[in-house]
There are 2 protein chains.
Amino acid sequence: MIRHTVVFKLKHSNGSAGERAFLTAADVLAKIPGLQKFEKLRQVSAKNDYAFGFSMEFADQAAYQGYNDHPEHTRFVSERWLPEVEKFLEIDYERL
Amino acid sequence: MIRHTVVFKLKHSNGSAGERAFLTAADVLAKIPGLQKFEKLRQVSAKNDYAFGFSMEFADQAAYQGYNDHPEHTRFVSERWLPEVEKFLEIDYERL
């Protein structure tokens, strides 16, 4: 199991229509084959300044790579992620 | 539901006895009342330099606070976390 997470902050202001549109657009990712347990999350710790997170799991590295290469993912990255995300950090986990 | 996560890097070298001892000592946290789904994780993305993570869930803010204030937690922080962790980032999530 590989859990892929990304914590991020949008260029949109809090509670804006742009923010809502971005988060809704991300639903396209949930339909990509191999992706499990897709979660859209609000980051709530005051110890960092990120506002949202996505979390998803893959059975193995091949499934993760299939997601990364999937045209719906690469399109989301180029059309929504790159123009609308101010900062982000990717963190991936395997169980110890 | 609040998911509390912390991604971190130890002062111990990779695969060392000190690393193993720290990760085993963290099991004490799993017994603290209110803590759910405790996971010890290896961070595997090459896009950051953290090596491990812990993830846990709490039903609500009161349960999270109870964990933070619990003597087994504060003892772990003072006796193991502060002396042995080189860098860390806390990220907390709620479902959107």
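Side notes on the structure shown:
- Nonpolar atom fraction for the protein assembly as shown, defined as the carbon and sulfur part of the 1.4 Å probe accessible area, stands at 52 percent.
- Burial of accessible area (probe 1.4 Å, heavy atoms of protein chains only) in segment B:29-66, relative to its chain alone, reaches at least 20 Å² for B:Glu39, B:Lys40, B:Leu41, B:Arg42, B:Gln43, B:Val44, B:Ser45, B:Lys47, B:Asn48.
- Taking a sphere under 14 Å around the Cβ of B:Glu19 and counting the other residues whose Cβ falls inside, with K and R at +1 and D and E at -1, yields a net charge of +4.
- Think of each Lys and Arg Cβ as +1 and each Asp and Glu Cβ as -1; about the Cα centre, that makes the dipole of segment B:53-96 roughly 80 debye.
- Given +1 at the Cβ of Lys and Arg, -1 at the Cβ of Asp and Glu and no other charges, the dipole of segment B:1-71 around its Cα centre is 260 debye to the nearest 20.
- Put a dot 7 Å past the Cα of A:Val28, heading toward its Cβ, do the same for A:Lys47, and the two dots end up 3.6 nm apart.
- Measuring r between the beta carbons of A:Leu96 and A:Glu39 and using R0 = 22 Å, the FRET efficiency lands at 0.55.
- Cα gyration tensor shape of chain A, rounded if a/c is under 1.5, else prolate or oblate by comparing a/b with b/c: oblate
- By a 1.4 Å probe calculation restricted to protein chains, B:Ser78 has an accessible surface near 70 Å², given to the nearest 10.
- Among the trypsin sites (Lys or Arg not before Pro) in segment A:5-96, those placed in a DSSP loop whose Cβ has at most 15 other Cβ atoms within 10 Å are A:Lys11, A:Lys47.
- Per residue of peptide B:85-96, the mean number of Cβ atoms on other chains within 10 Å of the residue Cβ is 5.
- Charge tally around A:Glu39: other residues with Cβ under 11 Å, Lys/Arg +1 each, Asp/Glu -1 each, net +4.
- Only the Cβ atoms of Lys and Arg (+1) and of Asp and Glu (-1) were treated as charged; on that basis the dipole of the protein assembly as shown about its Cα centre amounts to roughly 20 debye.
- With its label point defined 7 Å out from Cα along the Cα-to-Cβ axis, A:Asn14 lies at 4.0 nm from the matching points of the other copies, in increasing order.
- Total accessible area lost when B and A pair, probe 1.4 Å, Å² to nearest 100: 2300
- If you plug the beta carbon distance of B:Val77 and A:Glu72 into 1/(1 + (r/R0)^6) with R0 = 35 Å, you get a FRET efficiency near 0.25.
The values are calculated or read from the model by the stated rules, or taken from the named source; none is laboratory data. As the structure is a prediction and not an experimental result, all values here were calculated from the model. As a convention, Cβ positions derive from the backbone with ideal geometry for all residues, glycine included, and neighbour counts pool all protein chains shown. What goes into the accessible areas is simple: the full protein's heavy atoms, side chains included, and nothing from ligands, DNA or RNA. Shrake-Rupley method; radii C 1.70, N 1.55, O 1.52, S 1.80 Å.
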